[in-house]
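To keep things clear, I will list the structure first and then write my remarks on it.
The values are calculated or read from the model by the stated rules, or taken from the named source; none is laboratory data. A quick note: this is a predicted structure, and the numbers were derived from the prediction, not measured. Note that we place each Cβ from the backbone using ideal geometry, even for glycine, and neighbour counts take in every protein chain shown. When the accessible area is computed, the model is the full protein with side chains, heavy atoms only, and any ligands, DNA or RNA have been set aside. Shrake-Rupley method; radii C 1.70, N 1.55, O 1.52, S 1.80 Å.
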Amino acid sequence: MSDSTVPAGESTRVGSSTEERTAVSRSAQAFRQLKRNSASRAGLYVIGIVTLVALLTTIDADIFDYQFAATFWYHPENDPSGGEILLPPIGIENEFGAGNWAHPLGTDHRGRDILVRLVYGTRIAVQVGLLATGIGMTLGTVIGAVSGYYGGWVDDVLQRFVESLYAIPFLILVIAIMSAFGRELGIAIVGVSITTIPVFTRLIRSQVLSVREMEYVEAAKAAGVRDRHIIFRHIIPNSLAPVLVQSTLQVGVNILIVASLSFLGFGVQPPTPSWGQMLAQSRQYMIVNPWFSIWPGIAILVTVIGFNMLGDGLRDAIDPRSND
Amino acid sequence: MTTAGYIGRRLLQIVPVLWFVVTVTFVLINSIPGDPVRILVGPSADAAAIEAARVQYGLDQPLYVRYVKYLAAIATGDFGTSIHYGGVPVTAKILERLPVTLLLLVSSFTLAIGTAIPLGVFAAKNRNNRYDHLARITSLVGVSTPSFWVGLLLIIVFAYYTNLLPPSGLVMPWAPPGSVEGATSRLDVLATSASHLILPSITLGTLQMAAITRIERSSMLEVLNKDYVQLARAYGISERTILRKQAFKNAQLPVLTVIGIQITTALGGAVLTETVFNINGMGNLIITAVRAQDYQLIMGTTIFFAIMFVLGVLVVDVLYAVIDPRISYGGADE
Amino acid sequence: MSDTLLTVRDLQTHFVTEEGTIRAVDGISFEVQRGEVLGLVGESGAGKSVAARSIMRLIDAPGRIVNGEIRFKDDLLLDVETSDDPGAEPHRAPEMLSSREIRERIRGREIAMIFQDPTESLNPVFTIGEQLSEIIQLNRNVSRDEAAQIAVDRLREVGIPEAERRMDDYPHEFSGGMRQRVLIAMAFACEPSLIVADEPTTALDVTVEAQILDLVKELTTRYETSFIWVTHDMGVVAEICDRVSVMYLGEIVEQASVDELFHETRHPYTEALLGSIPRPDRDVDGLSPITGIMPEAINPPSGCRFHDRCPDAREACVRTHPDTRLVESGDDSSPHRAACLKNDAFADDGYWESEPLDNGANQTEHDGSRETPTEQSVLDDGGVETDTDRQRTDAEPLLEVRGLKKYFDATDGFLSRLRIDRHGGLLPITVDREYVRAVDGVDFDIRRGETIGLVGESGCGKSTLARTLLRLVEPTEGDIVFDGKNLAEMSGEELRQSRKRMQFVFQDPQASLDPRMTVGEIVEEPMKAHGLYPGEQERRARELLETVGLDADHYNRYPHQFSGGQRQRVNLARALSVDPEFIVCDEPTSALDASVQAQVLNTMKDLQDEFGLTYLFISHDLSVIRHVCDRVAVMYLGELVELADKDDLFRSPKHPYTQALLSAIPVPDPRAERETVPLSGDVPSPITPPSGCRFHTRCPKLIAPSELALSEEAWEDVRRFLRAVQRESRDAGTADARETYFPDGVPSGESGTVVEEALSLTSEGAWREAATLLTDTFVDPSICTTEDPALDSPDGLDRIVACHRY
């Protein structure tokens, strides 16, 4: 209804009648919008913290004190009979003992500190999420842009290929790939990237197709601007906004997929700590120490929510219609 | 064009996609580094045994010959035999497991759609008040939660702590009463089956439910701003009728698209859910096949997963055409 | 005033946004008499739509009616008062109808509504029948079957052929004009006393608009329904309204009977608005645009809200906010009110005593003398042909178009997907390719220095033709010779090089500017592409911005910071940057308000004089074409039907289509007499265009088949009857039909037998059969159906026209 107050085509004019205006680009506006949205701010904080933690773990022993590091791997000193295994978090007691400050979140079936393993699991999650999304996004964007711009048989062949990749449910596809090439983390990343390709190919292709028809592209063509210049100055920059949104959301999705793979026994192999694998291991001990199952899930949930909130915020900032 | 004609066309379009799927799977499985025969016969076999196996599985022929033979075979429904299951035809094994997974999928989608649509409409109706916020937060958490973790939590709460529902396995509702523990009548079987189905369905359905709720809400909000809804208001049609009729039908179009996308997620989710609850369906089958490096079985299950997906999308597309008259009649006007 | 149907007092509707409160409607009062059509006029942003919707309390958050009283018959639709405290809740009078009462008693039953866009107003997933029946059933307390019957009757009444069958069709199976007819049927079906119509003909072509206006007039008389007609189009106002309220920035500035408003204008805004629109019926030499743009309704100017754009503004106008006062006592039912201090009613406010205001608007004559070359007076009918016009006409052609065709593949959707499947190699499916013949064999020349207009209704192929001329889309066939070189045969790089000589200005000023580039970058881009003005590109860009009437400092701004008119100026600056000779303008002003359109048109004319440009000017608006062009080409369904000098064309159009088109434009003068040439039906599909003359299916001057040997009068009767049968006019099915349509008796011979047969068919309600029979006998053998008329210069005619009559 508010549409009727502002004429079509003039809607962006709101507030611009005052003569004192500095050059404000669309992206700056979008960014301001983003900052105003509390959910996306929260998302940014979560992602910031998670990334920071992941970065800190790479500096290893120097930052994290020896005790954490010592319990990082399975140590023979942590004799299961010593009662250090499957401890609950602080304030809770189970048949193996009471939670204590040495292991604030408790210990796992081998007596390793859950908090430390969670912290180290962050690295894998963030690394895999970003890497797989990055590779998939790059390949998908290139394929989609080529497909959309050239059209014709190139488009046909690429689209058929992408469509059939899409027709195999992505978890199944990664599993099939890993059964062929091995169950290591690297293959998992490649596999997840491949399943990510169709998402971006479809997105960027439809974007390119619609941007290609925009009048400003036609205007550039009519002005005699070279094709190459049109692609790089007009088509690509104007097609990328939804890619940005999707890639943020996709990091979350990919973190979930990698966690699922680890849970199924693919991907990260023990003893390297990863959240999905911790969940898999916890299954046998659910009755005695359910906390072992709860913590890694919360870690995944919080991280993925962070990316989702940021992605939703970005989408609202770029296209205000998508929300309210 | 009639709906039947439309379905016919869409079925024809499936053929090349499936052909591509078969090709991709075939290439993938045949690009395994190392000698597949050695894996087949085991590390202790001697050269003669390896050669015999090579001939037996046709692996002495060039790749393209095997590809053509494989295509010809699966066209007749022959997906080879499973080594892990002692030479049982792959097709038979899959057909044995398929109903289990389908039951799980249907029940989880029913649950997801059945709760998501009212929830989404409710949220849209109460836009920006606290119920809406609650619905939005719930669905945000829903799309961010690993489904297998939901399964684990459900097992902890409902199976171990309260002992209300069974933590594992699945009983088919059409199983003969004699084969089900403690069941004497059809009714008992159904009850047992339902109690087994509840937790896995919630596990598998959570993500779908959250995703559908979100799209239902935003799609409903968009439709409620359309001119034809304004017109309906201007002619005195009540808000209730608008929500139930005028706006509702239109709002389901984007929802259907999302449901189509969710099918692929759900098929992956079925693998996880079956693992968490130890259900012997297609998901468990493919995991077993991969662990045992049973290649014919891996290929067969992969292709069947693709078939399930493609058919699922077909159902969605047909529904779309049923709701949107612009599609089923050719859509050339707009 | 016992006959007052609706009274609105001091209505205020505000929208609370983050930027501030938009006072969309800010204290308006008016009344609607029984049976009258009240026009609510204004430019976009004036608040007229919000006002219309406020009457039915159809305002959604963040909008809110904060004040006002609306009385309809004996009901109090609204009585709200809000104190000035920020955040105060509106106080509602207890007698005011509840939302439930409004919904159940008023909406639909008493007040119905028609929206602007007939495409968006109908629900795409329900049939027309379902939508109509539901609303009729609800508002008239009838059964489902009765409602359906009423719906069919009403559809027939609004001229929808085969109404019964079409009840089961979905909205997308109707054309735009037909959809608007359905909506009108819906409005009248509930038998309301008042219909609020929000720009109901704006989205339609002129010929369709004329049909709809005629239909509404007829129905209004029949049912004595009152209308509130919201529009921006002064022509439509003159055509249909009895009284008019002119809105500016949320306020009513003038209110009068339609005749007084046009001929005894009392407010400078109304005057300016009337002065800024080109006339279809005469030449206007230099439009007088209103300077600037309408300010935001967030912080309206103090005093009179129009003072910063008003040519008559004085100091007093800044100080005093004029209310709407009676300025002339006219007759009792239509008092003339205005809100301008110039009027005697405001004698106490010291307007005449204060100093004239220096606001730029009253300086146009000196400052903008370049912009308005001649004085802004209105010339007498016909205008004077100047020498320059003559010179232009004789000049050599700059562009020659020969046999140009552009076909688009019409097979889309899953059909095309099927075609792709063939590459899969499994399915030997062939698809019958269908083509949209957007441009189908067009020949014409464009002379150096002239402005040639290309006019036609939507879908006639004019935009495609324009794009094909510059090879923005590849021609299917034909030659485009630009200054001796055939563009159609050029290679990519040659073509790119030659683009600096011809430029394009697009319709949508927003979509044609890349939102991510600054205005400076946009204007420089073509120079960079052609390597022109090395090192001076920025200086030149700044210069060009000033040339087109912008500020050189706008260089660093982004497109979204400009208004529509300013953006179109940026487009002009970009086009000029490479010193082109030829500019194609595709509806360059149709997205703009009238006052802004006048600014842009004037600038374009000045630029032509300054740089010796040749324009191809495409528009659906014949008034604009008349104002800017030297010669005019008329297009119908992919073909040119007439090409003539502007004056000849407007003075005496020759092609029946041109005649119909010209007669359909509403003239912004209630005293103007006009006779519409009735056009039946819709434009046929360009995929399967009619045989022979493409216009024959709608032509009012169809030639009689020679073998029937009918007299002119008898043929006239037959044609009238045929049209009535096609439209399913009810009177063609009654016993009197013979009398009504053939007052001089049914023609003799074979034609007579056929007519008799058709009459008996229509009396049985077999419309389709009757129409087929008549078409077979009278239309199909006509030369118009069998032979394609050549586009030629017939003897004794000063123009090119494609019609068998010449």
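Points worth noting:
- Of all the listed residues (C:D586, C:D551), the sole one being in contact (Cβ under 8 Å) with a residue 60 or more places away in the chain and either at the interface with chain A (Cβ under 10 Å from one of its Cβ atoms) or surrounded by fewer than 24 Cβ atoms within 10 Å (Cβ to Cβ) (or both) is C:D586.
- For segment C:233-258, residues that are open to solvent by 10 Å² or more (accessible area, probe 1.4 Å), charged (D, E, K, R) and touching a Lys or Arg at 6+ places or on another chain (Cβ under 7 Å) total 1.
- In the set C:A163, C:A238, only one residue is under 16 Å from the mean Cα position of the chain (by Cα), among the aliphatic types (A, V, I, L, M) and not assigned by the TED database to the domain that holds C:L622; that residue is C:A238.
- The one condition in (1) open to solvent by 20 Å² or more (accessible area, probe 1.4 Å); (2) away from chain A (no Cβ under 14 Å); (3) more than 24 Å from C:G549 (Cα to Cα) that C:P300 fails to fulfil: (2)
- Qualifying positions in segment B:108-133 - more than 18 Å from the chain's Cα centre (by Cα) and either within 14 Å of chain A (Cβ to nearest Cβ) or open to solvent by less than 20 Å² (accessible area, probe 1.4 Å) (or both): B:G120, B:A123, B:A124, B:K125, B:N126, B:R127, B:N128, B:N129, B:D132, B:H133
- Test: B:L231 is open to solvent by less than 10 Å² (accessible area, probe 1.4 Å), farther than 30 Å from B:I155 by Cβ and in contact with a strand residue (DSSP E or B) (Cβ under 9 Å, 6 or more places away or on another chain): yes
- Any hit, segment C:781-794, residues being of a type outside the set (F, W, Y), touching a Phe, Trp or Tyr at 6+ places or on another chain (Cβ under 6 Å) and under 29 Å from C:E639 (Cα atoms): yes
- The set of residues in segment C:483-499 being within 9 Å of another protein chain (Cβ to nearest Cβ) and open to solvent by less than 60 Å² (accessible area, probe 1.4 Å) consists of C:G492, C:L495, C:R496, C:S498, C:R499.
- Yes/no for C:R144 being farther than 21 Å from B:V229 by Cβ, within 13 Å of chain B (Cβ to nearest Cβ) and out of contact with any Gly (no Cβ under 8 Å at 6 or more places or on another chain): no
- Extreme residue, farthest from the other protein chains (Cβ to nearest Cβ), among residues of segment C:554-569 that are among the aromatic types (F, W, Y) and open to solvent by 20 Å² or more (accessible area, probe 1.4 Å): C:Y555
- Subset of segment C:49-75 (residues that are open to solvent by 10 Å² or more (accessible area, probe 1.4 Å) and more than 9 Å from chain A (Cβ to nearest Cβ)): C:R57, C:R64, C:I65, C:V66, C:N67, C:E69, C:R71, C:K73, C:D74, C:D75
- Counting only strands (runs of 3 or more DSSP E) that sit wholly inside segment C:1-43, those with at least 1 residues that are within 14 Å of chain A (Cβ to nearest Cβ) and surrounded by fewer than 20 Cβ atoms within 10 Å (Cβ to Cβ) are C:4-17, C:20-33.
- Condition check for C:T775 on (1) over 34 Å from the mean Cα position of the chain (by Cα); (2) surrounded by 15 or more Cβ atoms within 10 Å (Cβ to Cβ): one failure, at (1).
- Matching residues, segment A:219-237, being crowded, with 19+ Cβ neighbours inside 10 Å and within 7 Å of another protein chain (Cβ to nearest Cβ): A:A219, A:A220, A:K221, A:A222, A:A223, A:G224, A:V225, A:H234
- Here C:G449 passes the criteria (1) over 25 Å from C:D609 (Cβ atoms); (2) open to solvent by 10 Å² or more (accessible area, probe 1.4 Å) except the one numbered (1).
- Looking across segment A:283-301, the residues that are small (G, A, S) and within 7 Å of another protein chain (Cβ to nearest Cβ) come down to A:S293, A:G297.
- Those residues of segment C:96-134 which are facing chain B (nearest Cβ under 7 Å), open to solvent by 10 Å² or more (accessible area, probe 1.4 Å), without any contact (Cβ under 8 Å) to a residue 60 or more places away in the chain and under 20 Å from C:E173 (Cβ atoms), in sequence order: C:E120, C:P124
- Residue within segment C:748-765 that is β-branched (V, I, T), part of a helix (DSSP H, G or I) and open to solvent by 20 Å² or more (accessible area, probe 1.4 Å) present: yes
- Qualifying residues in segment C:589-606 (those that are among the small types (G, A, S) and over 14 Å from C:D508 (Cβ atoms)) - the one surrounded by the fewest Cβ atoms within 10 Å (Cβ to Cβ): C:A594
- Yes/no for B:I198 being at the interface with another protein chain (Cβ under 10 Å from one of its Cβ atoms) and either closer than 30 Å to B:V258 by Cβ or over 18 Å from the mean Cα position of the chain (by Cα) (or both): no
- Of all residues in segment B:66-93 being more than 16 Å from B:I29 (Cβ to Cβ) and in contact with a Gly (Cβ under 9 Å, 6 or more places away or on another chain), the one that is surrounded by the most Cβ atoms within 10 Å (Cβ to Cβ): B:K93
- Residue ranges of helices (runs of 4 or more DSSP H) in segment C:59-164 with at least 3 members of a type in the set (A, V, I, L, M) and at pLDDT below 85: none
- For segment A:205-215, the criterion of a residue being open to solvent by less than 20 Å² (accessible area, probe 1.4 Å), within 30 Å of B:A211 (Cβ to Cβ) and at pLDDT 85 or above is satisfied by at least one position.
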